[in-house]
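Student: Following this message is one structure expressed as structure tokens.
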Amino acid sequence: MTREEARELIDRRRNELGERLIILGHHYQKDEVVEFCDVVGDSLELARKASQIEAAEIIVFCGVYFMAETASILAQDKAVYIPDPTAGCPLADMADIRRVMQAWEELSRIGKSFVPVTYVNSSAEIKAFCGRNSGTVCTSGNSQLIFEWALSHGETVFFMPDKNLGRNTAKMMGIPGEQIVQWDPDQARGGLTDDDIVRARVILWKGWCPVHWPEFAISDICSMRKQFPGIKIIVHPESDPETVEASDSAGSTAQILKYFRGLKPGDKVAVGTEFSMVKRAAKEYKSIIDIMALKGIYCEDMGKISLENLAATLTNLEGKEHRVVVPDSIVREAKKALDTMLRLSE
Ligand code: 13P
Ligand code: SF4
């Protein structure tokens, strides 16, 4: 199928399906895919949108698998599809349910109350685990609010799987470094002593996003500042705390786009996040501000969604190939965790 044929097919199916279909897309999608999305957003906006859809009965999610899975959990009466089901998230894969439950069991032996919180970049099983244990979910756009809620419901937050987002959030809340510890699933008892756990207000699972860490580093920020004095720097909070500290701001993809809207004509800004989004914003704002990438790094998984597989999905809605199905037993508990997040972030 040529690109032109794919475009024609997508257009034809969109016209045929009309209001029965909604296409959701993440900001990291390629321009040619974004062009066909009815709604483009960050993880929080897309989860919220999925929970509010009324007219449509078919959701096609242009993003990575955990995002489509989240939409399916929040919109149980809709049929959810993803153009490439192999579009995963290496960060989400770093927290495997078996190891998380093992860690939870070990933590539970310490006489303290823990509240499990998972970053939305995680499997449906991990979200269900949080729902089952009176915990919740967060995104990079609401992590502080969610940590505050968790710490008002227990002594310690058990956060997975992104150590960087977790530490950035805890730091933002003023939690001292000695009360933030890391659970390394490759070590016995996470590599922590009882004292470490007793002292901790935040326990971080040792996971990271390979697009944001260690890719965006202080050295990149220093060379940008040297080359363009006065330049603003904004990074995604999946970057490490030192990089976030050396930047002017940090935020979710939607918050980064909002930051651009607050800049003055002629300002220069360097961005530490996925390159497809940065390139598109640079083009869009070309005549007003100068947006550049701290480094041009793509998320390969986000890039798996193409015009061709979007067209193939829309022409084969009867087949199982692109359909996202989450077992009912997982949906119930995962939805509980997600609903708590959405209620807190209203
Ligand atoms: P946002 O929620 O900021 O869109 O982030 C999603 C993500 O996967 C970033 O790597
Ligand atoms: Fe996952 Fe990182 Fe890609 Fe986001 S950018 S989907 S966290 S691998």
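The values are calculated or read from the model by the stated rules, or taken from the named source; none is laboratory data. Quick caveat, the model's predicted, so the values are computed rather than measured. We place every Cβ from the backbone using ideal geometry, glycine too, and count neighbours over all the protein chains shown. Ligands, DNA and RNA are stripped out before the accessible areas are found, and what is left, the full protein with its side chains, is counted by its heavy atoms. Shrake-Rupley method; radii C 1.70, N 1.55, O 1.52, S 1.80 Å.
Student: I'm checking a number: the convex hull volume of the Cα atoms of the stretch 58-111, normalised per residue, in Å³. What is it?
Tutor: 101 Å³
Student: Let me ask something else. Evaluate the relative contact order of the stretch 193-346 (contact order divided by residue number), counting alpha-carbon pairs under 8 angstrom at least 6 apart; express in whole percent.
Tutor: Relative CO of the stretch 193-346 lands at 18 percent.
Student: Another one. State, to one decimal in nm, how far the label point of Glu4 lies from the label point of Arg109, with both points 7 Å from Cα in the Cβ direction.
Tutor: Inter-label distance under the simple model: 6.8 nm.
Student: Sketch the reach of a paramagnetic label on Glu19 as a point 7 Å from Cα along Cα-to-Cβ, and name the residues of the stretch 46-68 whose backbone nitrogen lies under 15 Å away.
Tutor: 53-58
Student: Still on this structure: How high is the relative contact order of the stretch 1-147, in percent, counting Cα pairs under 8 Å that sit 6 or more residues apart?
Tutor: After rounding, I find 17 percent.
Student: Under 5 Å between amide H atoms, partner at least 5 residues away or on a different chain: which partners does Val137 have, H built in plane at 1.01 Å?
Tutor: Thr118, Met341
Student: Carbon and sulfur: what percent of the stretch 169-228's accessible surface (1.4 Å probe)?
Tutor: Summing carbon and sulfur atoms, their accessible area is 53 percent of the total for the stretch 169-228.
Student: Given an 8 Å cut-off on Cα distances and at least 6 residues of separation, report the relative contact order of the chain as a percent.
Tutor: Reported relative contact order: 23 percent.
Student: Roughly how many nanometres apart are two label points built 7 Å out from the Cα toward the Cβ at Asp328 and Gln144?
Tutor: According to this spin-label approximation, the distance is 4.3 nm.
Student: May I pose another question? Just want the answer: with Cβ charges of +1 for Lys and Arg and -1 for Asp and Glu, which residue in Ala334, Asn121, Ala254 is farthest toward the dipole's positive end in the chain?
Tutor: Final value for the positive-end residue is Ala254.
Student: Determine, from the Cβ-Cβ distance of Phe228 and Gln187 and an R0 of 35 Å, the FRET efficiency 1/(1 + (r/R0)^6), rounded to the nearest 0.05.
Tutor: 0.25
Student: Give, as ranges by residue number, the residues of the stretch 313-343 whose backbone N falls under 16 Å from the point 7 Å along Cα→Cβ of Ile97.
Tutor: 325-338
Student: Follow-up question, since we're still on this one. Among Val33, Val198, what's the order by accessible area (1.4 angstrom probe), most exposed first?
Tutor: Descending order: Val198, Val33.
Student: Would you mind getting the accessible area per residue of the stretch 207-346, heavy atoms of the protein chains only, 1.4 Å probe, in Å²?
Tutor: Value returned for the stretch 207-346: 48 Å² of accessible area per residue.
Student: What is the gain in length, in nm to one decimal, between Arg12 and Ser134 on full extension, counting 0.36 nm per residue of separation less the C-alpha to C-alpha distance?
Tutor: 39.4 nm
Student: Only bridges with both residues in the chain count here: give the DSSP antiparallel percent, nearest 5.
Tutor: 5 percent
Student: Among the lysines, which have Cα under 16 Å from the Cα of Lys49 when same-chain residues fewer than 8 positions away are ignored?
Tutor: Of all the lysines, those that pass the test against Lys49 - Cα under 16 Å, at least 8 places apart if same chain - are Lys78, Lys335.
Student: Of the accessible area of the stretch 238-346, with the probe set at 1.4 angstrom, what percent is carbon plus sulfur?
Tutor: It is 49 percent, rounded to a whole number.
Student: Which number gives the lysine pairs in the stretch 103-227 that have C-alpha atoms under 23 Å apart and are eight or more places apart or on different chains?
Tutor: For the stretch 103-227, qualifying lysine pairs total 9.
Student: Now, a different point. About the Cα centre, and with charges only on the beta carbon of Lys, Arg (+1) and Asp, Glu (-1), how big is the dipole of the chain? Nearest 20 debye, please.
Tutor: So the magnitude is around 620 debye.
Student: Also, quick follow-up: Under a straight-distance cross-link criterion of Cα-Cα below 20 Å, which lysines are reachable from Lys304, leaving out those fewer than 8 residues away in the same chain?
Tutor: Counting by Cα, and skipping residues close in sequence, Lys304 has these lysines nearby: Lys30, Lys279, Lys320.
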